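Undergrad: Okay, handing you the structure first.
Rule-based calculations on the coordinates, nothing more; no lab input. This is a predicted model, so every value here is computed, not measured. Backbone-built Cβ (ideal geometry, glycine too); neighbour counts: all protein chains shown.
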Amino acid sequence: MKILIYPIYSPLHNGDFMKRETERLLKSLKEKTSYDFLLTDIDHLYDGDMALILVESGGSEHYYLEVKDRLKEPVYLLTFGNNNSLAASLEILTYIQNHKQKGEILHGSDEYIANRILTLLKKGEQHD
């Protein structure tokens, strides 16, 4: 089973650092869930068992707006613990909710995020 992830980030941030952090996070989540976590493009985001938007940095809000019309509810925003990822995710979630749509931020320890993903998959709440 696989979780597909579409990353968004501001090019103003250190790409090498984000790449290492992304690899670390996806490896950790795989170890904790036994699912494959794979980066993908927007055209294939819903070809797996669950779709996540990985908000890699602050300033990502603009890039969310570029793809928002191609996303299915609920929108799950996966965050890092740094690079203002959480702040950007909060802005995106506010936008989602202001437009009467469903969304959730997946933030916290790798274990918490892994458990939340497993719960959502068990409940069948991946996307409509």
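Undergrad: Tell me, what is the percent relative contact order of the chain, built from C-alpha pairs under 8 Å that lie six or more residues apart?
TA: 29 percent
Undergrad: Farthest toward the dipole's positive end in the chain, which of Gly81, Leu45, Tyr64, given Cβ charges of +1 (Lys, Arg) and -1 (Asp, Glu) about the Cα centre?
TA: The Cα lying farthest towards the positive end belongs to Gly81.
Undergrad: State, to one decimal in nm, how far the label point of Ser34 lies from the label point of Asp49, with both points 7 Å from Cα in the Cβ direction.
TA: My value for the distance between the label points is 0.9 nm.
Undergrad: Also: Can you tally the lysine pairs in region 49-128 where the Cα-Cα distance is under 18 Å and the two residues are eight or more apart, or on different chains?
TA: Numbers: Lys68/Lys100; Lys68/Lys102; Lys72/Lys100; Lys72/Lys102; Lys72/Lys123; Lys102/Lys123.
Number of lysine pairs found: 6.
Undergrad: Quick one: which residues, 5 or more positions from Asn84 or on another chain, have an amide H under 5 Å from its amide H? H modelled 1.01 Å from N in the peptide plane, none for Pro or chain starts.
TA: Those lying under 5 Å, H to H, from Asn84 are Gly58.
Undergrad: So what is the calculated 222 nm ellipticity per residue for the chain, using -39500 (n - 2.57) for each DSSP H run with n of 4 or more, over all residues, to the nearest 500 deg cm²/dmol?
TA: -13500 deg cm²/dmol
Undergrad: Oh, and also: Pulled fully out, how much extra length does the chain show between Arg116 and Arg24, if you take 0.36 nm times their separation in residues and subtract their Cα-Cα distance?
TA: 31.3 nm is the gain from fully extending Arg116 to Arg24.
Undergrad: Sticking with this one: Ordered by residue, what ³J(HN,Hα) values in Hz, to whole numbers, does region 5-10 give under the Karplus form 6.51 cos²θ - 1.76 cosθ + 1.60, where θ = phi - 60° and Gly and Pro are x?
TA: 10, 9, x, 10, 6, 8
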